[in-house]
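The values are calculated or read from the model by the stated rules, or taken from the named source; none is laboratory data. Keep in mind the model is a prediction, meaning the values are calculated, not measured. Here the Cβ positions follow ideal geometry from the backbone for every residue, glycine too, while neighbour counts run over all protein chains shown. In case anyone asks, the SASA skips ligands and DNA or RNA and just uses the protein heavy atoms, side chains included. Shrake-Rupley method; radii C 1.70, N 1.55, O 1.52, S 1.80 Å.
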Amino acid sequence: MAGFYLRDLQEFRTEVERRLSSTQTFLVEQITPDLASSPDTFELPVATLLRDPQILAAAVYGPDNRLLSRYLRPDVTDRALVPSRLSQFFSTDRSVQISPVRAQGRIVGTLYLKALLTQEDKDRTENLLRGSAIIFLLSMLISLGAGYWLQSTISGPVTRLAAAADRISCEGNYDIRLDIHAGGEIGALVAAFNDLLATTSQRTSEMKKARANAEDAREAIHRMNLELEEINHSLEARVAERTRELATAVKSAEEANTAKSAFLAKMSHELRTPLNAIIGYSEILLEDAQDSEDKSTAADLDKILTAARYLLGLINDVLDISKIEAGKMELYIETFDIAHLVKEVATMGQPLVAKKSNTLYIEIAPHVGDMQADSTKVRQMLFNLLSNASKFTEKGGITLAVQRDTDGQHVLMKVSDTGIGMTPEQLRKLFKAFSQADASTTKQFGGTGLGLAISRQFARMMGGDITVESTVNVGTTFTVRLPLQVQQIEHRLVTVDPAKVPMNTVPPFPQTLPMPAADNSPFDVLLVEDDPPTRDMMARILAREGWRVRTAANGQIALHILQQAVPAAVVLDLKMPIMNGFQFIEAVQVSEPWRRLPIFVFTSMDITQDVRERLTGVTAGIFQKGNYSREELISLVQQAVKSHLSGQPKT
């Protein structure tokens, strides 16, 4: 019906437009000049309209849609055919034509024409209505037939399906089945519903069995819980027993650790003492052989001396690594000049570097300044790195470079060589204790691999680290990065009191004093040492330098000697029978004539923090036997004597 109506509307509009087209065009041409010049007094050309019998009414509106002039056929009296004002939307009347009137590019008004409907137009409308009624009746008949069919094929089965669902919901009986014969989607729905009921019935049966099984399992779990409680009580008893065993094991481990520490302390003394004697006597004999130009004997003695020093270094390394592992290694913090320490290390390492025809280069950045750290351990780290570089480099260059880090808070110490280098695999196990690059390296170059491990542990104890870069057949660079001010590290760090004399140093002395004479010297040294070979060896070393040496086997004998004459200096061992070194120093401090006496402590004991605290300020220096050569020993004693005599009148 909508299609018919739209099609008829389009045809009618086309026919009306065709009827009115010529009249419309003619009127627009006639009224345009008058409407543009005087819209307020405008009149339609009635004669023209009368000549067209299809014109029922006409009107002209201004730009504002206000009525300016109208026309009605003489036999028409209904003025409502012409609206007094055009609506915003044009009329949907199929007999009305509305055309804008334009002059000089603008709209000056609107022409309204209403055509007279003919008998044919009226018949067309009546035919449309009759066709619509017929279509409506046919649609109703079809709808009724479709409804009946839907009721019998769709609505009925669906209604029965809903009723069955309600029954199943109320009764809980999943054995019900629908006996409905239908095709298409309804048949598929009924079949699916029956399948769902069958599946649900099976699941319900299985669930009942599962519930029964779950009840049985609950009973079994209850029995198991009872058994577990019994086992738990038994386990608690066993845990308590194991805890007691563990406590006993911990106590045994602590006792073993204490015994280990005591053993190491004793062994450090027992091993170092004879080795120091071997080293001392070897130095004396080597000097005699060199003076007598006995090259063969000198070479043998040099080998003995080298082996003894190597063994002493090995013992020191083993003791150091043991103390590190036990957490008993201490730091002794003092302020020192970095450049001065580096130059000392270079002087110590020069013989090792030159042994394989290598050249040592020292690069110290300007204004590198001071640092607060354990100078002994810093010196040992750098010496270990120089020793390592010298071992694996031949006829090459070794560089010791020192500078401040870019952050201004750390110092960088680099030891570079042009030696054999290392592979990445060798680098991975480089810092492990008792491990070198590989077995072939150990066989060819020797060593225990402890030096680098100890050095890295020292660096990390002070808040720094050691890193390495290496290329095979090109060389290796070790970088030590340490803070300029080492911070507190638990109980293992002690800061030096500036008012006290630092260890390993002696008071200043004038250079103007003459050296002591070799014959009939009024200056003498009191040597207090309980080990006869060591006492004899050290006495011979001092005597060969022109000093008069008096000896004592313990502190008590030394006090008797002091009562007879005050020496220029005392070289003192700590571990002695009857009166040890600590007791001797305490006795010396109570006497005014003896209080300023420079006392050098040379001991094989481990120099722990407790030892340092007890001896700081009351001794001129604390030294471990074997770590200093004969020349260094003589030089230190001479300096102490000169300092002591500078404040006393000559005799």
Members of the stretch 448-480 that are over 17 Å from SER387 (Cα atoms) and basic (Lys, Arg): ARG460
Are any of the residues in the stretch 94-107 without any contact (Cβ under 8 Å) to a residue 40 or more places away in the chain, farther than 30 Å from ASP8 by Cβ and either buried (at least 19 other Cβ atoms within 10 Å of the Cβ) or touching a strand residue (DSSP E or B) at 6+ places or on another chain (Cβ under 9 Å) (or both)? no
Considering only the stretch 590-605, state which residues are β-branched (Val, Ile, Thr) and modelled with pLDDT of 85 or more. VAL590, ILE599, VAL601
Residue check, LYS642 against (1) among the charged types (D, E, K, R); (2) surrounded by fewer than 18 Cβ atoms within 10 Å (Cβ to Cβ); (3) at pLDDT below 80, all met but one. Which one? (2)
Residue check for LYS500: surrounded by fewer than 19 Cβ atoms within 10 Å (Cβ to Cβ), among the charged types (D, E, K, R) and modelled with pLDDT under 85: yes
Flagged in the stretch 550-568 as over 60 Å from the mean Cα position of the chain (by Cα) and within 25 Å of GLU270 (Cα to Cα), in numbering order, are ARG550, THR551, ALA552, ALA553, GLN556, ILE557, ALA558
Does any residue of the stretch 605-625 turn out to be surrounded by fewer than 17 Cβ atoms within 10 Å (Cβ to Cβ) and over 20 Å from THR376 (Cβ atoms)? no
So is GLU270 open to solvent by 20 Å² or more (accessible area, probe 1.4 Å) and part of a helix (DSSP H, G or I) or not? yes
Can you tell me which condition GLU394 does not meet? The list is (1) modelled with pLDDT of 90 or more; (2) buried (at least 18 other Cβ atoms within 10 Å of the Cβ); (3) more than 38 Å from the chain's Cα centre (by Cα), and all the others hold. (2)
Any residue in the stretch 201-218 that is free of Cβ contacts under 8 Å to residues at least 60 places away in the same chain sitting within a Cβ distance under 6 Å of a residue that is assigned to a helix (DSSP H, G or I)? List the pairs, counting only those 6 or more apart or interchain. none
Condition first: at pLDDT 60 or above and in a loop (DSSP other than H, G, I, E, B). Now tell me which residues in the stretch 422-457 satisfy that. MET422, THR423, LYS429, LEU430, PHE431, LYS432, ALA433, GLY449
Residue satisfying condition, being modelled with pLDDT of 90 or more and over 20 Å from ASP606 (Cα atoms), within set ARG540, ARG550, ARG544: ARG550
Tell me, yes or no, whether the stretch 145-165 has at least one residue that is at pLDDT 70 or above, within 22 Å of LYS208 (Cβ to Cβ) and aliphatic (A, V, I, L, M). no
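Condition check ((1) of a type in the set (Val, Ile, Thr); (2) open to solvent by less than 40 Å² (accessible area, probe 1.4 Å); (3) modelled with pLDDT of 85 or more) across all residues:
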position: ALA265; (1), (2), (3): no, no, no
position: ILE279; (1), (2), (3): yes, yes, no
position: TYR332; (1), (2), (3): no, yes, no
position: GLU344; (1), (2), (3): no, no, yes
Which one of the conditions (1) open to solvent by 40 Å² or more (accessible area, probe 1.4 Å); (2) within 30 Å of THR551 (Cα to Cα); (3) modelled with pLDDT under 85; (4) not aromatic (Phe, Trp, Tyr) does ASP524 fail to meet, given that it meets all the rest? (1)
Considering each of LEU572, LEU542, LEU597 in turn, give the residue that is touching a helix residue (DSSP H, G or I) at 6+ places or on another chain (Cβ under 6 Å), of a type in the set (A, V, I, L, M) and touching a residue at least 40 places away in the same chain (Cβ under 8 Å). LEU572
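Yes or no, residue by residue, for (1) more than 60 Å from the chain's Cα centre (by Cα); (2) under 23 Å from SER95 (Cβ atoms); (3) open to solvent by 70 Å² or more (accessible area, probe 1.4 Å):
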| residue | (1), (2), (3) |
| --- | --- |
| PHE26 | yes, yes, yes |
| THR32 | yes, no, no |
| ALA36 | yes, no, no |
| ALA47 | yes, yes, no |
| ARG51 | yes, yes, yes |
| LEU56 | yes, yes, no |
| TYR61 | yes, yes, no |
| ASN65 | yes, yes, no |
| SER69 | yes, yes, no |
Restricted to the stretch 545-569, and to residues that are farther than 19 Å from THR619 by Cβ and out of contact with any helix residue (DSSP H, G or I) (no Cβ under 9 Å at 6 or more places or on another chain), which residue is most open to solvent (accessible area, probe 1.4 Å)? GLN564
Here's a check for you: in the stretch 116-128, which residue that is assigned to a helix (DSSP H, G or I) and surrounded by 11 or more Cβ atoms within 10 Å (Cβ to Cβ) is modelled with the lowest pLDDT? ASP121
So PRO45, is it out of contact with any Ser or Thr (no Cβ under 9 Å at 6 or more places or on another chain) and at pLDDT 80 or above: yes
So, GLY419, is that one open to solvent by less than 30 Å² (accessible area, probe 1.4 Å) and either basic (Lys, Arg) or in a loop (DSSP other than H, G, I, E, B) (or both) or not? yes
Given the condition more than 58 Å from the chain's Cα centre (by Cα) and acidic (Asp, Glu), answer yes or no: does some residue in the stretch 204-211 qualify? no
